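This report refers to the structure that appears directly beneath it.
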Amino acid sequence: MSDTDSFIDEVTEEVKRDRLFATMRKYGWIAVLIVLLLVGGTAYREYAQAQDRAQAQALGDQILAAMETEDSAAQAEAFDAITAPTVGSRVLAEMLAAEAQAEAGEIEAAVTRLQTVANDAEAEQIYRQIASFKALALGKDVLSVEDRRAGFESLAVAGQPLRLLAVEQLALIDIETGDREGAVDRLQSVISDAEVSAGLRRRASQLIVALGGELPEQA
């Protein structure tokens, strides 16, 4: 190789290095940013998980402290004071507060609170249905028969998780209003349902016998 060729090769390599350094100066920040994002993302996930654990523990501590309160009225106030970080935890605190109010004899306030949960668009559907069911069952003395019947009928629709329990409550309303035959028919349908639980089947059977009705053959 001649001195000229060697010189050209050296110049070419120098140009390549200059271009590489120029590229790194121009775009190197992207690589640094990617590294920072990866490291930062991992740190953020760990921080978020730690925050979630801390919030869950704090919520659990508040609930346990409220449950240890012996006076029901004071217990309801303790549940009211809970700092709920999520919609689900807020709904739980509201339902526990309603239960405490009911135990304290504040039935109307408890029913109103449960109805508020039942109408909460942010709450999950199952929680809203449970709150509605509890409000209707608890509100015998504060809600009209018509309102309770309509409420339970909306929960007794096919495919709803509380369907059979709602039918049982409708049978009790039938008994309350003097429709014994209607109550027996409803209870027989409960017993014959493939999804009925053992406890509900037993209660329905006992009611049918008490009303003088006949148990379905498949029962």
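The values are calculated or read from the model by the stated rules, or taken from the named source; none is laboratory data. Remember, it's a predicted structure, so these values are computed and weren't measured experimentally. All Cβ positions, even for glycine, are placed from backbone atoms using ideal geometry, and neighbour counts span all protein chains on display.
Please enumerate the residues belonging to the range 191-219 that are aliphatic (A, V, I, L, M), under 33 Å from the mean Cα position of the chain (by Cα) and closer than 22 Å to residue 140 by Cα.
Residues of the range 191-219 aliphatic (A, V, I, L, M): 191, 194, 196, 198, 200, 204, 207-211, 215, 219.
So of that shortlist, the ones also under 33 Å from the mean Cα position of the chain (by Cα) come out as 191, 194, 196, 198, 200, 204, 207.
Those that are aliphatic (A, V, I, L, M), under 33 Å from the mean Cα position of the chain (by Cα) and closer than 22 Å to residue 140 by Cα: 200, 204, 207.
Within the range 96-120, the residues that satisfy the criterion of being under 16 Å from the mean Cα position of the chain (by Cα) and surrounded by fewer than 19 Cβ atoms within 10 Å (Cβ to Cβ) are 116, 119, 120.
Among (1) within 17 Å of residue 137 (Cα to Cα); (2) loosely packed, with under 15 Cβ neighbours inside 10 Å, which single condition is residue 172 missing? For residue 172, the exception is condition (2).
Considering only residues that are under 23 Å from residue 86 (Cα atoms) and in contact with a Ser or Thr (Cβ under 7 Å, 6 or more places away or on another chain), which ones fall in the range 107-158?
As a first pass, look at the range 107-158 and keep what is under 23 Å from residue 86 (Cα atoms): 110-135.
Within the range 107-158, 118 is the sole residue that qualifies.
Would you mind stating whether residue 94 is more than 18 Å from residue 203 (Cβ to Cβ), part of a helix (DSSP H, G or I) and not β-branched (Val, Ile, Thr)? Yes.
Please work out if residue 125 is under 24 Å from residue 197 (Cα atoms) and either out of contact with any His (no Cβ under 9 Å at 6 or more places or on another chain) or small (Gly, Ala, Ser) (or both).
On the way: under 24 Å from residue 197 (Cα atoms): yes; either out of contact with any His (no Cβ under 9 Å at 6 or more places or on another chain) or small (Gly, Ala, Ser) (or both): yes.
It is true that residue 125 is under 24 Å from residue 197 (Cα atoms) and either out of contact with any His (no Cβ under 9 Å at 6 or more places or on another chain) or small (Gly, Ala, Ser) (or both).
Taking the criterion of being out of contact with any Asp or Glu (no Cβ under 8 Å at 6 or more places or on another chain), farther than 27 Å from residue 141 by Cα and surrounded by 19 or more Cβ atoms within 10 Å (Cβ to Cβ), would at least one residue in the range 70-83 satisfy it? Yes - at least one qualifying residue is present in the range 70-83. So which pairs qualify, if the first residue must be in the range 101-122 and without any contact (Cβ under 8 Å) to a residue 60 or more places away in the chain and closer than 16 Å to residue 154 by Cβ, the second must be assigned to a helix (DSSP H, G or I) and of a type in the set (S, T, N, Q), the Cβ gap must be under 8 Å, and the two must be at least 6 apart or on different chains? Hits for this filter: 114/132; 115/132; 118/129; 118/132.
Taking first residues from the range 186-203 that are outside any helix (DSSP H, G or I) and partners that are basic (Lys, Arg) and surrounded by fewer than 18 Cβ atoms within 10 Å (Cβ to Cβ), no Cβ contact under 6 Å between residues at least 6 apart in sequence or on separate chains turns up. Evaluated against (1) within 24 Å of residue 93 (Cα to Cα); (2) at pLDDT below 95, residue 213 falls short on exactly one condition, (1).
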